[in-house]
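Just below is one structure, and these are the notes that go with it.
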Amino acid sequence: MELVLSIIIGVLFTAAVYLILSRSLLKVILGTGLLSHGAHLLILTMGGLGGMAPPVLIDGVTDFADPLPQALILTAIVISFGVTAVMLVMAYRMYAVHKTDNMNELRGNDEHD
Amino acid sequence: MNMINLLLFPIIIPFFFAMVLLFFKEQVVVQRVVTLIGLALSLVASCWLVATVKVEGIQTVTLGSWPAPFGITMVSDMFSALLVTTTILLTFFIVVYSFKSIGVEREKFFYYPAILFMITGINGAFTTGDIFNMFVFFEVFLIASYLLIVLGGEKRQLRESIKYILVNVISSALFVIAVAYLYSVVGTLSMADIAMKIAEINQPGIISVIAILFLIVFGIKGAIFPLYFWLPGSYAAPPIPVLALFGALLTKVGVYAITRTYTLFFVHDIAFTHQFLLVLSLLTIVAGCIGALAYFDLKQIIIYNIIIAVGVILFGVAQMNTTGMEGAVYYLIHDMLIKAALFVLIGIIIYITGTSNLREMGGLIKTHASLGWFYLIAAFGLAGIPPLSGFLGKLLIIKGGFEADHTVGSIVILASSLIVLLSVIRIFIYAFWGEPTQPLPVTNKGTYRAMMMPAVALVVLTIAYGVGAEWLMPYMSDAANVLTDPSIYIDAVLKE
């Protein structure tokens, strides 16, 4: 199971890198979304997928799931959700002002803004 | 009085005041006064914290009273307490400087709450003793910084802030990935516990890989070579007070995080990890020097000096001996103060001349003599001319370098001081000497005086920091002792 998830994470990262390297800003933002999905799945996998019982204190249960990665993912999901929302708003504002979403045309330098 | 929550005050007070300010969006006076009150209270709390840490040693509090490795621990050793105090102190002056320079429009649009939220995140990142909690605090100050960098919505700001956010989002994802890998090896998130577990398994190769991953994560935030590419463009976009805050604080959080992880976790394979850090820090200095000499733009010159300073501090950290570490701590705080002072001063120069291009300036010493002299003092302080504050830090760092047999690196640091001096003196020569190339735009004398006040205060502070080094040294030694001997930190957290 860990192996399958590792492959999925790898595919997510590959797709994320491909999208982030593209010229369209919207694709770049989608890429960061995939990147954070991959990172979240990675936390889950790295914590180990073993453990059948819920992580509740009952006498005699030894094979319980690790609750910590789940708590971490929850926090990370909320944060990446918020940041993605901020980024989409800013991307829209930037599109409204610059009239382009092509990253190549947003290079800019000090001489002309 | 038993104040176990004392170390949380510098985090909670700015947070509380930021929330209160959200209700007074339009009242600029209320915004200003409440911000100053909040920062003053935080400053009192943080000074009290420094005094307590000095007397009683490392302060810890584990949230929710869970026993130490399971709950989230907040840890205040001398290093983090000093950084927290410096952060609040210079934010106070930059806020005063903002009154006349940031503009009412921005003040009415959550400028001060954003600063206070950013301080919350920065102080939290300095104080936390839990690696995942550090990620959370990083996000807190990053999101506040996204607001600050784009606030105003100028064309250039929008263009640069998109890149800034993008770089930071990717580095945050890498942070989560690095924490996940670390968790899979050591199975814990408490920093003291991680340090102990890594010592138990004696740092196998995988931990060194994770060490490099953490270096990449914090290196992007802290702008080390070759990950500094985003910094000059992004930092030049926002107005000067925001630039001063970013330049003085944000990269330093990255530097702090590298210092913390490389002195607490990854200390068993120094020949590899710290050698790597050493080489990168020297390359950072070289890259920064090239940039600082290449530009005729006031902002860019000082911005590249941030990168040089990051290299110098990390060179001190990479020595892993007490002298180098003392130097790194001293120089880190020096650099926060002096960068704030310099950015504020060049902000005033830009206000007076109406341009940031050196070629279009000249002869300011005739009309604004005091500005010129204070700038010169700050420039000498940055380059490290005794008895100003940069000198002692660099002296200790270089001494540490020679003790650790890094002769070439130490010579590079010495040579970089000359280039730093040259780069900032060039500003002095172009802006203050010679004849005015064009008539100065009409500016308000009262505004100029109001802007000079915090600038003078910051410069005087850096002078005091340099001259009063004898008196401050015990604090630096305490900070360096914890950094060179991780067991002090581990014992303080896991004492039960």
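The values are calculated or read from the model by the stated rules, or taken from the named source; none is laboratory data. Worth saying up front: this structure is predicted, and the values here are computed from it rather than measured. In this analysis, Cβ positions are derived from the backbone assuming ideal geometry, glycine residues included, and neighbour counts consider all displayed protein chains.
To keep it simple, each residue is scored yes or no on (1) among the small types (Gly, Ala, Ser); (2) at pLDDT 95 or above; (3) within 22 Å of B:Asn133 (Cα to Cα); (4) under 25 Å from the mean Cα position of the chain (by Cα).
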| residue | (1), (2), (3), (4) |
| --- | --- |
| B:Arg156 | no, no, no, yes |
| B:Ile162 | no, no, no, yes |
| B:Gly187 | yes, no, yes, no |
| B:Asp193 | no, no, yes, no |
| B:Ile207 | no, no, yes, no |
| B:Lys221 | no, no, yes, yes |
| B:Pro226 | no, no, no, yes |
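Here is a yes/no grid of residues against (1) over 25 Å from the mean Cα position of the chain (by Cα); (2) under 30 Å from B:Phe126 (Cα atoms):
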{"position": "B:Leu422", "(1), (2)": "no, no"}
{"position": "B:Arg426", "(1), (2)": "no, no"}
{"position": "B:Lys445", "(1), (2)": "yes, no"}
{"position": "B:Arg449", "(1), (2)": "yes, no"}
{"position": "B:Val460", "(1), (2)": "no, yes"}
{"position": "B:Met476", "(1), (2)": "no, yes"}
{"position": "B:Ala480", "(1), (2)": "no, yes"}
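Considering only residues that are more than 15 Å from B:Gly153 (Cβ to Cβ) and in contact with a Lys or Arg (Cβ under 9 Å, 6 or more places away or on another chain), look in segment A:84-102 and name the one that is farthest from the other protein chains (Cβ to nearest Cβ). So, considering only residues that are more than 15 Å from B:Gly153 (Cβ to Cβ) and in contact with a Lys or Arg (Cβ under 9 Å, 6 or more places away or on another chain), the one farthest from the other protein chains (Cβ to nearest Cβ) is A:Asn102.
For B:Tyr235, the criteria (1) within 14 Å of another protein chain (Cβ to nearest Cβ); (2) farther than 26 Å from B:Leu90 by Cβ; (3) in contact (Cβ under 8 Å) with a residue 40 or more places away in the chain; (4) in a helix (DSSP H, G or I) hold in every case but one, which is (2). Looking across segment B:293-329, the residues that are among the polar types (S, T, N, Q), away from chain A (no Cβ under 14 Å) and surrounded by fewer than 24 Cβ atoms within 10 Å (Cβ to Cβ) come down to B:Asn321, B:Thr322, B:Thr323.
Every residue, every condition in (1) of a type in the set (Gly, Ala, Ser); (2) within 9 Å of chain B (Cβ to nearest Cβ), yes or no:
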{"residue": "A:Leu41", "(1), (2)": "no, no"}
{"residue": "A:Leu44", "(1), (2)": "no, yes"}
{"residue": "A:Leu49", "(1), (2)": "no, no"}
{"residue": "A:Met52", "(1), (2)": "no, no"}
{"residue": "A:Leu57", "(1), (2)": "no, no"}
{"residue": "A:Thr62", "(1), (2)": "no, no"}
{"residue": "A:Gln70", "(1), (2)": "no, no"}
{"residue": "A:Ala76", "(1), (2)": "yes, yes"}
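Of the listed requirements (1) without any contact (Cβ under 8 Å) to a residue 60 or more places away in the chain; (2) surrounded by fewer than 20 Cβ atoms within 10 Å (Cβ to Cβ); (3) among the hydrophobic types (A, V, I, L, M, F, W, C), A:Leu34 misses just one: (2). Once segment A:5-21 is narrowed to residues that are surrounded by 15 or more Cβ atoms within 10 Å (Cβ to Cβ) and of a type in the set (Gly, Ala, Ser), the residue that is nearest to the chain's Cα centre (by Cα) is A:Ala16.
Among the residues here, B:Thr261 qualifies as over 14 Å from the mean Cα position of the chain (by Cα), in contact (Cβ under 8 Å) with a residue 24 or more places away in the chain and buried (at least 23 other Cβ atoms within 10 Å of the Cβ). Of the helices (runs of 4 or more DSSP H) lying entirely inside segment B:111-217, the ones with 1 or more residues being at the interface with chain A (Cβ under 9 Å from one of its Cβ atoms) are found at B:131-150, B:155-186.
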